[in-house]
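Report on one structure; see the data block that follows.
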Amino acid sequence: MYVKDLRIFKNVPMENILLVDNAVYCFGLQLSNGIPVMPFKEDKTDREFELLTKLLLRIAVEDDVQTTI
């Protein structure tokens, strides 16, 4: 298992970092910064990111991604 610690980005405030991943444990250290998605398995009908578009566009104009998520 790989845990992605977003604190590695020293010059970026946590409220400006978003992680989209299919494994919730990957962003377990910063749950408020993560959006879980279904795994991608070479499925040409996969629309996961297309469905995320509305949320991502809303988050893009927010001051704090953590409160929006």
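The values are calculated or read from the model by the stated rules, or taken from the named source; none is laboratory data. A quick note: this is a predicted structure, and the numbers were derived from the prediction, not measured. Positions of Cβ are generated from backbone atoms using ideal geometry, with glycine treated the same way; all protein chains shown enter the neighbour counts. These area figures cover heavy atoms from the full protein model, side chains too; ligands, DNA and RNA do not enter into them. Shrake-Rupley method; radii C 1.70, N 1.55, O 1.52, S 1.80 Å.
Among the residues here, Met38 does not qualify as open to solvent by 100 Å² or more (accessible area, probe 1.4 Å) and in contact with a Phe, Trp or Tyr (Cβ under 7 Å, 6 or more places away or on another chain).
Every test in (1) at positive phi; (2) among the acidic types (Asp, Glu); (3) modelled with pLDDT of 90 or more is passed by Glu42 save one, and that test is (3).
For the range 49-68, the count of residues that are among the acidic types (Asp, Glu), touching a residue at least 24 places away in the same chain (Cβ under 8 Å), open to solvent by 80 Å² or more (accessible area, probe 1.4 Å) and outside any strand (DSSP E or B) is at least one. Would the range 37-47 turn up any residue that is among the charged types (D, E, K, R) and under 9 Å from the mean Cα position of the chain (by Cα)? Scanning the range 37-47, I find no residue that is among the charged types (D, E, K, R) and under 9 Å from the mean Cα position of the chain (by Cα), so the answer is no. One residue stands out among those in the range 1-35 that are open to solvent by 90 Å² or more (accessible area, probe 1.4 Å), part of a loop (DSSP other than H, G, I, E, B) and touching a residue at least 24 places away in the same chain (Cβ under 8 Å): the one that is farthest from Thr68 (Cα to Cα), which is Met1.
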